[in-house]
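First the structure, in the form of structure tokens, and then the observations on it.
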Amino acid sequence: MYIKSNNIKLNINIDGLPISKSSGSQFWPIMTSIENIDVYTSLFIIGVYHDMHKPHDANEFLADFVNEFLCLSQCGLLVSNKKYTVSINAIVCDTPARSFITYTKDHTGYFGCPKCIQEGDFVRNRVTFPETHCTLRSESSHWSMVSQISLDYMHLVCLGVMKRLLQLWLRGNKNVRLSADKINRISHYLLTIKPCIPSEFARKPRSLHDIDKWKAIEFRQFLLYTGIVVLKSVMTSASYNHFLSLSIAIRILTDPKLCITFNEYANSLLMWFVSNYGDIYGDEYLSFNVHNLLHLANDVKTFGCLENFSCFKFENYMQKIKKKLHQSGKPLQELSNRIFEEIQIPIQPCRIEQFPIVIYKPQSLNKVLFLIKSNSAISDIIQLPITEIQNKCLKIKSIFDNDSYIVIPLLLTNNYRLIYNNLI
């Protein structure tokens, strides 16, 4: 087992999933992931509700899950003669689902914030939250739902604040709306850098004219990476610095190490962002999402970096659920059959591969001999040309593509052998 302790911590997600465009047919799956584990594990489904509408009673909907979890938490789980306790690390939901399962106010109502007791003001037909220093809800007054039900930055920041900012720049009031020329320039910049985006990004940048079709991951990419570059020469200094404070804060909170060491700094940036938001865009836009940026850094202290408790992986898994369905007659039975079939597939233990040690021995001024060692034995010998050696880094021309190079850090040893055992 790769569990870091004797306690298995679970992240729980609950959300609605429409499965038909011509009717109200929908799933409400309860999904979970193991949080404290060293290797990648797929999400799995605890239970699924199907109907033409969402469940009427959250207590009835969650009853089987609650009973099973209470049994696991009290009795534990025995795996390979080792007993593990089971606990819930966080419940990760979007705002409507959170309100549904907790029987609390929705984000459009007074006292809608799950983290503090701010009432809110009604401004231009919407409830706003202008205060930045509010009394937090305590566990005694609001049970443990305050700390264990986390905020989700996918809906809160990416599909919430970042999307709203772009909409205001494109279609907002005259004092914040960008001209058509500036919008076209930003779109041109995004399309220009499109070929330079590495394959690690799931999507390439698109024009701002396609903003209504953007996915959450595209808003995240704009916030953390491309927006910092394409907006610099287009936005006013005040608006750009305001956006930059949000970008830097979220960048810190998404990093596993920086989110701890610079947590207070990120919190101060978010505080400054929210306090100046109304002055730039109007008090009527101090929405639930903008207000909850004030509580984001505190959740990071509890659960770790934002990626640890986001809905991204759960949303991706729900698309896999839809792909399991091929007929619309009995979707619940069909999903159950597909899951049962997957369970029957024998699981082969995955052996962790050890990277081979690569030994470089210069043969001449322009060539180097590669000795690939695996399990203390030489498994392959390759000879390639050296194009550059600088700062103890070896730049080698690729044998597959004349325009590509491999840059490898080196360790100098005796007999002029260069050894490196962690390829990048």
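The values are calculated or read from the model by the stated rules, or taken from the named source; none is laboratory data. As the structure is a prediction and not an experimental result, all values here were calculated from the model. A quick note on method: Cβ atoms are made from the backbone with ideal geometry, for glycine too, and the neighbour counts reach across all protein chains shown.
Pairing residues of the range 178-205 that are farther than 24 Å from Ser237 by Cα with residues that are surrounded by 12 or more Cβ atoms within 10 Å (Cβ to Cβ) and of a type in the set (Asp, Glu), at Cβ distances under 7 Å and at least 6 apart in sequence or on separate chains, gives Arg203/Glu218.
Among all positions in the range 168-187, there is at least one residue which is in contact with a Ser or Thr (Cβ under 6 Å, 6 or more places away or on another chain) and either within 24 Å of Phe312 (Cα to Cα) or modelled with pLDDT of 90 or more (or both). At pLDDT 95 or above and closer than 21 Å to Leu293 by Cβ: which single residue out of Met162, Met145 fits that description? On inspection, the qualifying residue turns out to be Met162. Out of everything in the range 53-63 that is among the charged types (D, E, K, R) and over 28 Å from Asp299 (Cβ atoms), what residue ends up being surrounded by the most Cβ atoms within 10 Å (Cβ to Cβ)? Among them, the one singled out is Glu60.
Conditions tested, residue by residue: (1) within 25 Å of the chain's Cα centre (by Cα); (2) at pLDDT below 85; (3) under 29 Å from Ala216 (Cα atoms).
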site	(1), (2), (3)
Lys320	yes, no, yes
Lys324	yes, no, yes
Leu332	no, no, yes
Leu335	no, no, yes
Arg338	no, no, yes
Arg351	no, yes, no
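Exactly one residue among Leu178, Leu159, Leu191 is surrounded by 18 or more Cβ atoms within 10 Å (Cβ to Cβ) and either assigned to a helix (DSSP H, G or I) or not assigned by the TED database to the domain that holds Asp299 (or both), and that residue is Leu159.
For the range 116-131, the set of residues classified as surrounded by fewer than 16 Cβ atoms within 10 Å (Cβ to Cβ) and out of contact with any strand residue (DSSP E or B) (no Cβ under 7 Å at 6 or more places or on another chain) consists of Ile117, Glu119, Phe122, Val123, Arg124, Asn125, Arg126, listed by residue number. Can you name the residue in the range 253-302 that is among the aromatic types (Phe, Trp, Tyr) and farther than 21 Å from Val127 by Cβ and, of all such residues, is surrounded by the fewest Cβ atoms within 10 Å (Cβ to Cβ)? Looking at the filtered set, the residue picked out is Tyr265. Inside the range 80-134, residues that are touching a His at 6+ places or on another chain (Cβ under 7 Å) and among the polar types (S, T, N, Q) make up a count of 1.
None of Ile280, Ile250 is modelled with pLDDT of 95 or more, on the phi < 0 side of the Ramachandran plot and not small (Gly, Ala, Ser) except Ile250. On the basis of being free of Cβ contacts under 8 Å to residues at least 24 places away in the same chain and in the same structural domain as Val290 (by the TED database), does Tyr240 make the cut? Judged against the criteria, Tyr240 is a match. Looking at the range 211-263, the helices (runs of 4 or more DSSP H) lying wholly inside it that each contain 3 or more residues that are of a type outside the set (Phe, Trp, Tyr) and within 15 Å of the chain's Cα centre (by Cα) sit at 216-221, 237-254.
Taken residue by residue, the range 295-316 has no member that is aliphatic (A, V, I, L, M), in contact (Cβ under 8 Å) with a residue 24 or more places away in the chain and over 24 Å from Ile217 (Cβ atoms).
Looking only at residues in the range 32-68 that are at pLDDT 90 or above and of a type in the set (Asp, Glu), the one that is nearest to Lys324 (Cα to Cα) is Asp51.
Residues that are touching a helix residue (DSSP H, G or I) at 6+ places or on another chain (Cβ under 8 Å), aliphatic (A, V, I, L, M) and within 22 Å of Tyr281 (Cβ to Cβ) occur in the range 119-128; there is at least one. One residue stands out in the range 74-115 among those that are touching a Ser or Thr at 6+ places or on another chain (Cβ under 6 Å) and surrounded by fewer than 20 Cβ atoms within 10 Å (Cβ to Cβ): the one that is modelled with the highest pLDDT, namely Val86.
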